[in-house]
Amino acid sequence: MSVVTRFPPSPTGFMHIGNARTALYNYLFARHHGGKFVVRIEDTDRARHSEEAVQAIFRSLEWLGLEYDNEAVSQFEQRARHAEVAMQMVEKGQAYYCYCSPEELNVMREQAKKEGRSSFYDRRWRDRDPSEAPKGVKPVVRIKAPAEAGESVINDLVQGEIRITNDNLDDFIILRSDGTPTYMLSVVVDDHDMGITHIIRGDDHINNAFRQKIIFEAMGWDIPRFAHLPLIHGADGAKFSKRHGAASVEEYRDMGFLPEALENYLLRLGWGHGDDEIISREQAIQWFDLDAVGKSAAKFDMAKLESLNNYYLSHAEESRLLTLITPFLKQRHQIDIRNDALAQKRVMSGMTELKERSKTLIQLTDEAAFYTKKIPYDFDEAAQRTLNETAHDTFDALLARFRECSDFTTAGIQNLCKQIADDLHGGKLGKVAMPLRAALTGTTVSPSIFHAAEILGQEESVARLEFTKERFWKNNPLSRNAAN
């Protein structure tokens, strides 16, 4: 049997993290077995349909690198085929017309509640002749579910054997009174027509599996193997939602996560391969199978995802990272470096240190931004506070030594700062390094300021110190008072 899996999102919202994991598992299972991974957009709910959501789904799949086989299928476009199958089941006696009014169904529903039954429809039209139908009523079409006592069984590839009693299966609607197919029918017809062999999805679909199995059996079709994945929970044990963190794949992209980091994290969120934590795409395809998927819900841990992202950032090609942070620099700092060769060179010179200390591309961007700044630039509150509290003799010493320095290397710059610390602050290097950092970067958070100064170069570093002195000791009376 050639394996064919499918990813069938509904385009009523953006692609959330649970859907992304489902897509990944379907992709890996198909590739592991040398089969196909296909995409179907389940867009029959036209009232909630969003073309923007459709495009977001495709963008998310592309960003994650989950390439699918064949063209994506629109379920809505297959609705005539779905209705045709419903009529075939009516002709075979596997389905029937039901002429119940909404009022009759409400009475049945209330009666079922009183009796504690889950199935409320009493099958009154199951064996009646349509000639008895009331005039002017457009019927629905209902499937003939098992009416005899007993159980229905699904041998799930993740959950194991699952059983429910037949009295939990009602004669559900497969074709509405306006002739449109229901979700339950459309899914089965599409799965059959697309040759799906394995249905891998969240365990909130387990009840649907028993109903869909009835349709497969009614048509005499091969039933795909089911594999229902435990849902993802937040750290508090509740079902994962927006309040636990970003909800959609594109939000994680915009928060500065790399696709390979998110993929690796989602892979391990419910599946494992011994003690392996860092798993490449090639290894995942080689190792992934459903027998290693756990039955219990996995807890989403943002700190662990950030740690994994730091690993992938620290091992990423630096030219790639420069490309990735360029739009973030524009968005967050209004700095466009696309045609600024000097700014690009400075960022690249500091990239090794930057990437090793960053959890996200956002952090990397913010800590790299000072390399790209031009005078005049702004100082954040912490930098202003540091500079306001710095005595003028410390700053004058920095400026004088930077102008005179003949060894403008990381080691040389560190040595001259140590000399100033020994002369003015009893050897406390932080008393010199912190104002230097604030002056050169406009912030109090950066990579090694001695290395950063070397990358900026002597001319630029002196210019920034002169600009800072002008800003804080000439035009700011509070700074002058603090210095005195």
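The values are calculated or read from the model by the stated rules, or taken from the named source; none is laboratory data. Note that the coordinates shown come from a computational prediction; the quantities given were computed from them, not determined experimentally. Because the Cβ atoms are built from the backbone with ideal geometry, glycine has one as well, and the counts that use them run over all protein chains shown.
Number of residues in segment 1-49 that are buried (at least 20 other Cβ atoms within 10 Å of the Cβ), of a type in the set (A, V, I, L, M) and more than 16 Å from the chain's Cα centre (by Cα): the value is 6.
Before we move on, is residue 366 more than 30 Å from residue 269 (Cα to Cα) and modelled with pLDDT of 95 or more? In short, no. Number of residues in segment 11-41 that are part of a loop (DSSP other than H, G, I, E, B), under 15 Å from residue 61 (Cβ atoms) and of a type outside the set (A, V, I, L, M): the value is 2. When 298, 341 are screened for being small (Gly, Ala, Ser), farther than 23 Å from residue 468 by Cβ and buried (at least 18 other Cβ atoms within 10 Å of the Cβ), only 298 passes.
Which residues, counting only those in segment 354-377, are among the acidic types (Asp, Glu) and closer than 20 Å to residue 439 by Cα? Passing the criteria: 366, 367. Within segment 71-83, the residues that satisfy the criterion of being free of Cβ contacts under 8 Å to residues at least 40 places away in the same chain and either over 27 Å from residue 218 (Cβ atoms) or surrounded by 12 or more Cβ atoms within 10 Å (Cβ to Cβ) (or both) are 71, 72, 74, 76. Evaluating residue 411 against the criteria (1) touching a Gly at 6+ places or on another chain (Cβ under 8 Å); (2) of a type in the set (Gly, Ala, Ser); (3) under 26 Å from residue 342 (Cα atoms) leaves one unmet condition, (1). One residue stands out in segment 160-213 among those that are in a loop (DSSP other than H, G, I, E, B) and polar (S, T, N, Q): the one that is nearest to the chain's Cα centre (by Cα), namely 197.
Listed conditions (1) at pLDDT 95 or above; (2) in contact with a strand residue (DSSP E or B) (Cβ under 6 Å, 6 or more places away or on another chain); (3) of a type in the set (A, V, I, L, M) are all met by residue 284, apart from (2). Show me the helices (runs of 4 or more DSSP H) entirely contained within segment 266-355 in which 3 or more residues are over 30 Å from residue 446 (Cα atoms). Result: 281-287.
Scan segment 220-234 and give yes if some residue there is buried (at least 18 other Cβ atoms within 10 Å of the Cβ), outside any loop (DSSP other than H, G, I, E, B) and out of contact with any strand residue (DSSP E or B) (no Cβ under 6 Å at 6 or more places or on another chain), otherwise no. No, the conditions are met nowhere in segment 220-234. Selection of segment 387-417 for residues being modelled with pLDDT under 95 and more than 17 Å from residue 466 (Cβ to Cβ) yields 388, 389, 391. Looking at residue 328, is it buried (at least 18 other Cβ atoms within 10 Å of the Cβ) and in contact with a Phe, Trp or Tyr (Cβ under 6 Å, 6 or more places away or on another chain)? For residue 328, the condition - buried (at least 18 other Cβ atoms within 10 Å of the Cβ) and in contact with a Phe, Trp or Tyr (Cβ under 6 Å, 6 or more places away or on another chain) - is not met.
Taking the criterion of being of a type in the set (S, T, N, Q) and either outside any strand (DSSP E or B) or not assigned by TED's automatic domain parsing to the domain that holds residue 217 (or both), the residues of segment 110-153 that qualify are 111, 118, 119, 131. In this entry, residue 320 is excluded by the filter for residues that are more than 30 Å from residue 161 (Cα to Cα) and buried (at least 17 other Cβ atoms within 10 Å of the Cβ).
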